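This report refers to the structure that appears directly beneath it.
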Amino acid sequence: NWIDEQLGLDGKKDIDLGCGPGLYARRMAGCGARVTGVDLSAKSLEYARSRSMVNLEYLQADYLEDTLPAGFDIAVLIYYDYCALAPASRRKLLKRIHDLLLPGGQLVIDLYGPGAFDAVGQHMEMEARMMNGFFAAGDYVGIHKTDVYEDDWASLDRFLIVEPGETWQIYNWVQYFTPESAAAEFAESGFMLSVLTGGLDGEPLADDSKTLGVIAEKT
C-alpha cells in the first residue's frame, strides 16, 4: 500500500525481481500495475502461477545473468536481496536495472540499515537439527558462526551441516548501509534517492533504523 501511495501503481509497468511465490507481485497487480515477476526458483514460480491474475506474468531467470524484458516504469527488489550480493554483483545489478527502466523510472528496494549492523555480533552456536530441521530431512548437527567485519559494514553467517553421510556448508554474506552509503552507491550507477524511510511500509527514518526503504529515480 505504501508503494502504491508513493508511485501510483495503476497503469504502470512493473518488474518484480526475485519475486519468489508472487506475494508482492500479486498485490501490485491488484493495484492496477502490469507486473512481470522474475525468479530463479521453479518451485516458487509454480506456486505463483497457480495464483496468477490479470496483468501478471512470471519469468524464470537469473536477474544477474539472463536476458530480461525492458521498458518498465518501476523495478522492485524486496526482502534485502541486494544486501546478499558482493560489491561487483551489486554494481552489475544496478546497471541492469537502469537499462530495464524507462527514463525517469523508479527503483524500489529495501536494505539493512544501521540498527541491524549494531545488533549483529560475533557468535557461535551448535545444535542438533538446527532451526527445527530446516537444513535436512533426517538427523544432523548444525554449527552456526557469525563474523562481523566492522570496516566493511558486513557480516558473514557460516553454517556447517553435519549429516551421517555428508558434511556441507552455507555462506551467507550481509551488507549493511547508512543513508549516506546507500545514496553514494546508487548515485554511482545513475540513480538519485527520492524517498528514504525506515522501511517499505513508510516507517519514519531514525538513526537506529534496522531497515532502509528506498525509492531511487533513474537519472
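Looking at 53, 28 in this structure, which one is touching a residue at least 40 places away in the same chain (Cβ under 8 Å), of a type in the set (A, V, I, L, M) and over 26 Å from residue 181 (Cβ atoms)?
On the way: 53 fails: touching a residue at least 40 places away in the same chain (Cβ under 8 Å).
Checking each option against the conditions leaves just 28.
Quick one: how many residues across the stretch 4-30 are of a type outside the set (Gly, Ala, Ser) and open to solvent by 20 Å² or more (accessible area, probe 1.4 Å)? Quick ask: steps written out before the conclusion?
To start, the set of residues in the stretch 4-30 that are of a type outside the set (Gly, Ala, Ser) comprises 4-7, 9-10, 12-17, 19, 21, 23-24, 26-28.
If we keep only those that are open to solvent by 20 Å² or more (accessible area, probe 1.4 Å) as well, we get 4-7, 10, 12-13, 21, 23-24, 26-27.
Here the count works out to 12.
Mind counting the residues in the stretch 185-213 that are among the aliphatic types (A, V, I, L, M), open to solvent by less than 50 Å² (accessible area, probe 1.4 Å) and farther than 14 Å from residue 108 by Cβ? If you could, list the steps in order and put the result at the bottom.
Within the stretch 185-213, the first condition is being among the aliphatic types (A, V, I, L, M), and the residues that meet it are 187, 192-193, 195-196, 200, 205-206, 212.
Checking which are open to solvent by less than 50 Å² (accessible area, probe 1.4 Å) leaves us with 193, 195, 200, 206, 212.
Restricting the remaining residues to those that are farther than 14 Å from residue 108 by Cβ gives 206.
Residues meeting the conditions: 1.
Tally up the residues in the stretch 149-169 that are over 17 Å from residue 133 (Cβ atoms) and either in contact with a Pro (Cβ under 7 Å, 6 or more places away or on another chain) or among the charged types (D, E, K, R) (or both), please.
5
Would you call residue 161 in contact with a Leu (Cβ under 9 Å, 6 or more places away or on another chain) and at pLDDT 95 or above?
Numbers: in contact with a Leu (Cβ under 9 Å, 6 or more places away or on another chain): no; at pLDDT 95 or above: yes.
The answer is no for residue 161.
Just to be sure, is residue 111 open to solvent by less than 30 Å² (accessible area, probe 1.4 Å), in contact with a Cys (Cβ under 8 Å, 6 or more places away or on another chain) and not acidic (Asp, Glu)?
Considered against the rule, which asks whether it is open to solvent by less than 30 Å² (accessible area, probe 1.4 Å), in contact with a Cys (Cβ under 8 Å, 6 or more places away or on another chain) and not acidic (Asp, Glu), residue 111 comes out as yes.
Cβ-Cβ under 6 Å, sequence separation 6+ or interchain: first residue in the stretch 1-23 and among the basic types (Lys, Arg), partner open to solvent by 30 Å² or more (accessible area, probe 1.4 Å). Which pairs?
These pairs meet every condition: 12/73; 13/34; 13/73.
Restricting to the stretch 51-81, what's the tally of residues that are among the charged types (D, E, K, R), open to solvent by 70 Å² or more (accessible area, probe 1.4 Å) and over 16 Å from residue 21 (Cβ atoms)? Reasoning before the result, please.
Within the stretch 51-81, the subset among the charged types (D, E, K, R) is 51, 57, 62, 65-66, 73, 81.
Filter once more, keeping what is open to solvent by 70 Å² or more (accessible area, probe 1.4 Å): 51, 57, 65.
Checking which are over 16 Å from residue 21 (Cβ atoms) leaves us with 65.
Selection size over the stretch 51-81: 1.
Could you tell me which numbered condition residue 216 fails, if it satisfies all but one of (1) under 30 Å from residue 99 (Cα atoms); (2) without any contact (Cβ under 8 Å) to a residue 12 or more places away in the chain; (3) not basic (Lys, Arg)?
Failing condition for residue 216: (2).
Would you say residue 170 is more than 27 Å from residue 17 (Cβ to Cβ), touching an Asp or Glu at 6+ places or on another chain (Cβ under 9 Å) and at pLDDT 95 or above? I'd like the intermediate steps shown before the answer.
Values: more than 27 Å from residue 17 (Cβ to Cβ): no; touching an Asp or Glu at 6+ places or on another chain (Cβ under 9 Å): yes; at pLDDT 95 or above: yes.
When the stated conditions are applied, residue 170 does not pass them.
Just one of 48, 84, 33 is out of contact with any Leu (no Cβ under 7 Å at 6 or more places or on another chain), at pLDDT 95 or above and open to solvent by less than 20 Å² (accessible area, probe 1.4 Å); which is it? Break it down stepwise before answering.
On the way: 84 fails: open to solvent by less than 20 Å² (accessible area, probe 1.4 Å); 33 fails: out of contact with any Leu (no Cβ under 7 Å at 6 or more places or on another chain).
The match here is 48.
The values are calculated or read from the model by the stated rules, or taken from the named source; none is laboratory data. Values in this document were obtained by computation on a predicted structure and should not be read as measured data. Heads up, the Cβs are rebuilt from the backbone with ideal geometry, glycines too, and the neighbour counts pull from every protein chain shown. Surface accessibility is based on the protein's heavy atoms, side chains included, excluding ligands, DNA and RNA. Shrake-Rupley method; radii C 1.70, N 1.55, O 1.52, S 1.80 Å.
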